[in-house]
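The values are calculated or read from the model by the stated rules, or taken from the named source; none is laboratory data. What you are looking at is a predicted structure, and each value in this text was computed from that prediction instead of being measured. Counting neighbours? That spans all protein chains shown, and the Cβs are built from the backbone with ideal geometry, glycine included.
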Amino acid sequence: MNLKDYIRSIPDYPKKGILFRDITTLIKDENAFAETINLIVEKSKKFNFNKIAAIESRGFVFASAVSYILKKPFVMLRKKNKLPAEVHSVNFELEYGTATIEVHKDSFSNNDSILIIDDLIATGGTADAAAKLVEVSKAKVCAFVFVINLFDLGGSDNLVKKGYKVENLIEFPGH
């Protein structure tokens with residue numbers, strides 16, 4: 001199955017000049033979604049980790065299914081002011097603005113090894129912020145798994161240069 005066939009490309013969203021890669025067409029097809037989850041599970045088995053974290057919100061779709069299959073705890077990395085207890089926060093730059101992500105302070109412990117899952121990596125700002133959240137919590141990032149890598153935007157390469165392991169299922173140019 002070619003998962004690329006299930007990704008819709010939407011020009012000029014969320015702003016002019018951006019070619020948005022839409023995963024809703026992938027997840028609404030039960031066979032494409034199942035194949036995606038199975039591929040993430042297989043790639044995840046390369047790594048030694050005890051928890052899965054995902055970046056809000058599309059990362060939750062994939063990580064929760066993988067967490068269920070692998071029987072690993074799942075931690076949500078959320079947008080600012082979405083978590084009710086004490087949090088660690090990281091501010092970061094996006095391709096088209098700035099944002100903050102947070103995690104509950106009690107989500108990770110010192111010996112945790114975390115697999116981070118998200119739907120897409122572009123410039124890598126969100127993924128880098130996710131890694132910082134894990135590390136400020138005294139855990140370590142085991143690896144990242146992305147469904148889509150926008151290879152010419154350099155995010156995946158930047159994570160690798162920082163010493164992180166990165167896997168992805170499919171690649172597209174960024175714009």
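Observations on the structure shown:
- All conditions but one from (1) closer than 26 Å to Phe20 by Cα; (2) surrounded by fewer than 16 Cβ atoms within 10 Å (Cβ to Cβ) apply to Leu120; the one that does not is (2).
- Scanning the range 92-117 for residues that are closer than 30 Å to Ile18 by Cβ and at pLDDT below 95 yields Phe92, Glu93, Leu94, Glu95, Tyr96, Gly97, Thr98, Ala99.
- Where a residue in the range 45-69 is within 22 Å of Asn111 (Cα to Cα) and its partner, wherever it lies, is acidic (Asp, Glu) and surrounded by fewer than 22 Cβ atoms within 10 Å (Cβ to Cβ), with Cβ under 9 Å and at least six apart: Lys46/Glu167; Phe47/Glu167; Phe49/Asp112; Asn50/Asp112; Lys51/Asp112
- With respect to the conditions (1) over 24 Å from Gly155 (Cα atoms); (2) modelled with pLDDT under 95; (3) of a type in the set (Ser, Thr, Tyr), Ser67 lacks only one, and its number is (2).
- All conditions in (1) touching an Asp or Glu at 6+ places or on another chain (Cβ under 9 Å); (2) within 26 Å of Ile27 (Cα to Cα); (3) without any contact (Cβ under 8 Å) to a residue 40 or more places away in the chain; (4) polar (S, T, N, Q) hold for Thr126, with the sole exception of (3).
- Selection from the range 130-173 of residues that are in contact with a Ser or Thr (Cβ under 8 Å, 6 or more places away or on another chain), under 27 Å from Ile27 (Cα atoms) and not in a strand (DSSP E or B): Leu153, Gly154, Gly155
- One residue stands out in the range 102-125 among those that are within 14 Å of the chain's Cα centre (by Cα) and not in a strand (DSSP E or B): the one that is nearest to Thr36 (Cα to Cα), namely Ala122.
- For the range 134-174, filtering for residues that are touching a Gly at 6+ places or on another chain (Cβ under 7 Å) and exposed (fewer than 15 other Cβ atoms within 10 Å of the Cβ) leaves 1.
- In this structure, Leu83 qualifies as free of Cβ contacts under 8 Å to residues at least 24 places away in the same chain, within 24 Å of Phe49 (Cβ to Cβ) and touching an Asp or Glu at 6+ places or on another chain (Cβ under 7 Å).
- Within the range 18-43, if we keep just the residues that are in a helix (DSSP H, G or I), under 15 Å from the mean Cα position of the chain (by Cα) and without any contact (Cβ under 8 Å) to a residue 40 or more places away in the chain, the residue that is nearest to Phe172 (Cα to Cα) turns out to be Ile37.
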